[in-house]
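Take a look at the structure set out below.
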Amino acid sequence: MTKKALVIGTGLAGLSTALRLTKHGYEVEMVDKYHQPGGRLNLLEKDGFKFDMAPTFFSMSYEFTELINYCGIEMPFEFVELDPLYSVHFEGDKRSYLIHKNIQKLAQEFKDIEPGFERKISKFLESAGQLFHDTENIVIKQNFDNLLSYLLQLTRVPVKHAPKMFYSMWREMEKNFDSFEVKVIFSLVGFFLGATPFDTPAVYSLLNYTEMVHDGYYNVRGGMYKIVEGLVKELEKKNVKMNFKVEINQYLERNGQVSAFFDKQGNKWDADLFVVNADAASFRGQVMGRDAYSEKKLDRKKWTLAPLTIYLGLDRKVENMYHHNYFLRKNFKEYASKIFKNTIKLDKPYYYVNIQSMHNPNYAPGGKESVFILCPVPDLRYKSDWNDSEQIADAIIKDLGERTGFDFAKHTETRVVLNPTEWEQMFNLYRGSGLGLAHDLNQVGGFRPSNKDEKLRNLYYTGASTVPGTGLPMTVISSRLVTERITREHGSLS
């Protein structure tokens, strides 16, 4: 017997879910609003330059290995480990800090500002490691049938970790370190989640352990889009058809199930079951019309910061910079407290710079450079007019040149700036939020939108705004969790 699954969205979670379902004998078809697969894990090409559009590195590489082993295929892309992990630059400080995995090397970076650093970081990482291993299989890699099942599962977590649920990541830094710079650097993982360390629970300090000890950070040889290209090739072998420039906006219900979805052109998309790799909260509101996810209620939820992204093709190589770089200032608390609601000027923002062609020379013509800049900014609830995005980009590029001694503006051959409005339009990101729902305690685990629809028994969700959460490895885990639900409820056909 054949069953067909329609996957709406070709982001990493959608591609991974589709591949898993073919392993179980399902016929799979995919649709996507964008013109090519990948979702935010996408590729921009212009004037001979290539750019990874959003994610530029990842941790927990073993989740990709699990996916490949699950599906019984050869690894279709090659990991490149980062070490050092990244560099951090503070305004007014002529030096930069290279973040090494090796604790002894790292201690040398901070010997002048954090006495006893090696002892402090070892203690901090040991505690973060215990938290990670005590929660990984209990909370992170679990489906929850309802809120009660989630709360019962939490009782299995050792009680010693409970306090970290109720104070911030910044407070955790203050308990372990003294210098401003060290506290800022090791709280940057809060920004990786699209939030700030002042409103991210201390439990997420476990990410420091995953980056420093457990697995590290990785890029992919040939560029991050090789992940997408590799998975697409495997899906093509399984006869999975992909349809692009298809935006779903209606559905047809019959006997407690979805019988079909419709796109804006009126085309009908039939299947036996459906998996949505779009935002699990906003899709329920905007397409399914659920009152619990109305625009008013969605706007009350906590969303991650929006992306303002800049892509520069330079006519020469950049000197004296690392691949991955953070440019910060000394007004960290003020900036973090005001950036979300657009109550601070964006003339001197915080930003991240990735010299992409340092990892992957094929991303730029010979002797030239591809550069990606990400500036987390307020979403469209708080700043709806982005007519000034080019001016903000000018200010960032000018600041970057002054702080590095390299004139990025002078050597720019081609440039693209994408603001939150454009990100919203390209990928249906709610209010332009870069990573979907934030990770407050009332928006994680059983409090997060479920990967099983609450009303329709053949409708499922996968991706960053359902369980377990944001990040490339998390979306791969999400694909496994939703596949477990589907095969349990609809069977494996192979």
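The values are calculated or read from the model by the stated rules, or taken from the named source; none is laboratory data. All figures in this text were calculated on a predicted structure; none of them were measured in a lab. Using ideal geometry, Cβ is built from the backbone for each residue, glycine included, and neighbour counts are taken over all protein chains shown.
Just name the residue that is surrounded by the fewest Cβ atoms within 10 Å (Cβ to Cβ) out of those in the stretch 206-246 that are more than 30 Å from Ala107 (Cα to Cα) and polar (S, T, N, Q).
Filtering the stretch 206-246 for residues that are more than 30 Å from Ala107 (Cα to Cα) and polar (S, T, N, Q), the one surrounded by the fewest Cβ atoms within 10 Å (Cβ to Cβ) comes out as Asn239.
In this structure, is Leu481 closer than 26 Å to Ala202 by Cβ, touching a strand residue (DSSP E or B) at 6+ places or on another chain (Cβ under 7 Å) and surrounded by 18 or more Cβ atoms within 10 Å (Cβ to Cβ)?
no
Could you list, in sequence order, the residues of the stretch 422-463 that are assigned to a helix (DSSP H, G or I) and surrounded by fewer than 19 Cβ atoms within 10 Å (Cβ to Cβ)?
Glu422, Glu424, Gln425, Met426, Leu441, Asn442, Gln443, Phe447 - these are the residues of the stretch 422-463 that are assigned to a helix (DSSP H, G or I) and surrounded by fewer than 19 Cβ atoms within 10 Å (Cβ to Cβ).
Can you find, within the stretch 389-402, the residue that is nearest to Asn320 (Cα to Cα) among those that are surrounded by fewer than 18 Cβ atoms within 10 Å (Cβ to Cβ) and in contact (Cβ under 8 Å) with a residue 24 or more places away in the chain? Lay out the reasoning, then the answer.
Of the stretch 389-402, the ones surrounded by fewer than 18 Cβ atoms within 10 Å (Cβ to Cβ) are 390-391, 394-395, 398, 401-402.
Those still in the list that are in contact (Cβ under 8 Å) with a residue 24 or more places away in the chain too: 390, 395.
Values: Glu390: 26, Ala395: 21 Å.
So the residue we want is Ala395.
Please work out which one of (1) buried (at least 21 other Cβ atoms within 10 Å of the Cβ); (2) under 22 Å from Gly223 (Cβ atoms) is the condition Glu78 fails and give its number.
Among (1) buried (at least 21 other Cβ atoms within 10 Å of the Cβ); (2) under 22 Å from Gly223 (Cβ atoms), Glu78 violates only (1).
Checking the conditions here, which among Val444, Val467, Val416 is among the aliphatic types (A, V, I, L, M), farther than 14 Å from Gly11 by Cβ and without any contact (Cβ under 8 Å) to a residue 60 or more places away in the chain? Break it down into steps so the answer makes sense when it comes.
Working: Val467 fails: without any contact (Cβ under 8 Å) to a residue 60 or more places away in the chain; Val416 fails: without any contact (Cβ under 8 Å) to a residue 60 or more places away in the chain.
Exactly one of Val444, Val467, Val416 is among the aliphatic types (A, V, I, L, M), farther than 14 Å from Gly11 by Cβ and without any contact (Cβ under 8 Å) to a residue 60 or more places away in the chain, namely Val444.
Looking only at the stretch 86-106, count every residue that is in contact with a strand residue (DSSP E or B) (Cβ under 7 Å, 6 or more places away or on another chain) and under 16 Å from His323 (Cα atoms) and tell me the total.
Here the count works out to 8.
Out of all the residues in the stretch 13-46, which are in contact with a strand residue (DSSP E or B) (Cβ under 7 Å, 6 or more places away or on another chain) and more than 30 Å from Glu369 (Cα to Cα)?
If the condition is that a residue be in contact with a strand residue (DSSP E or B) (Cβ under 7 Å, 6 or more places away or on another chain) and more than 30 Å from Glu369 (Cα to Cα), then Gly14, Thr17, Ala18, Leu21, Thr22, Tyr26, Glu27, Val28, Glu29, Met30, Val31, Asp32 are the ones that fit.
Examine the stretch 306-317 for a residue that is under 22 Å from the mean Cα position of the chain (by Cα) and under 22 Å from Thr462 (Cα atoms), and state whether such a residue exists.
yes
Taking Pro473 as meeting all but one of (1) outside any helix (DSSP H, G or I); (2) within 14 Å of the chain's Cα centre (by Cα), write down the number of the exception.
Only one criterion in (1) outside any helix (DSSP H, G or I); (2) within 14 Å of the chain's Cα centre (by Cα) is unmet by Pro473, namely (1).
Just give me the residues in the stretch 52-73 being among the aliphatic types (A, V, I, L, M) and under 17 Å from the mean Cα position of the chain (by Cα), in sequence order.
Passing the criteria: Met53, Ala54, Met60.
When you scan the stretch 165-282 for helices (runs of 4 or more DSSP H) that lie fully inside it, which ones turn up with 2 or more residues that are farther than 30 Å from Ile73 by Cα and free of Cβ contacts under 8 Å to residues at least 12 places away in the same chain? Walk me through how you get there before you give the answer.
Numbers: elements: 169-176, 180-185, 189-192, 206-209, 225-237.
Fully inside the stretch 165-282 and qualifying: 169-176.
Is there a residue being at pLDDT below 95 and β-branched (Val, Ile, Thr) anywhere in the stretch 2-19?
Looking through the stretch 2-19, at least one residue is at pLDDT below 95 and β-branched (Val, Ile, Thr).
Inspect the stretch 186-197 for any residue being surrounded by 14 or more Cβ atoms within 10 Å (Cβ to Cβ), closer than 27 Å to Leu328 by Cα and over 26 Å from the mean Cα position of the chain (by Cα) and give the result as yes or no. Please lay out each step first, then the result.
Step one: of the stretch 186-197, the residues surrounded by 14 or more Cβ atoms within 10 Å (Cβ to Cβ) are 186-197.
Restricting the remaining residues to those that are closer than 27 Å to Leu328 by Cα gives 186-197.
Still in the list and also over 26 Å from the mean Cα position of the chain (by Cα): none.
Looking through the stretch 186-197, none of the residues is surrounded by 14 or more Cβ atoms within 10 Å (Cβ to Cβ), closer than 27 Å to Leu328 by Cα and over 26 Å from the mean Cα position of the chain (by Cα).
On the basis of being more than 22 Å from Ser370 (Cβ to Cβ), surrounded by 18 or more Cβ atoms within 10 Å (Cβ to Cβ) and either modelled with pLDDT of 95 or more or small (Gly, Ala, Ser) (or both), does Tyr97 make the cut?
yes
On the basis of being in contact (Cβ under 8 Å) with a residue 40 or more places away in the chain, aromatic (Phe, Trp, Tyr), out of contact with any Asp or Glu (no Cβ under 6 Å at 6 or more places or on another chain) and surrounded by fewer than 17 Cβ atoms within 10 Å (Cβ to Cβ), does Tyr34 make the cut?
In short, no.
Taking the condition over 28 Å from Ile140 (Cβ atoms) and either out of contact with any helix residue (DSSP H, G or I) (no Cβ under 7 Å at 6 or more places or on another chain) or in the same structural domain as Pro468 (by TED's automatic domain parsing) (or both), does Phe261 pass?
yes
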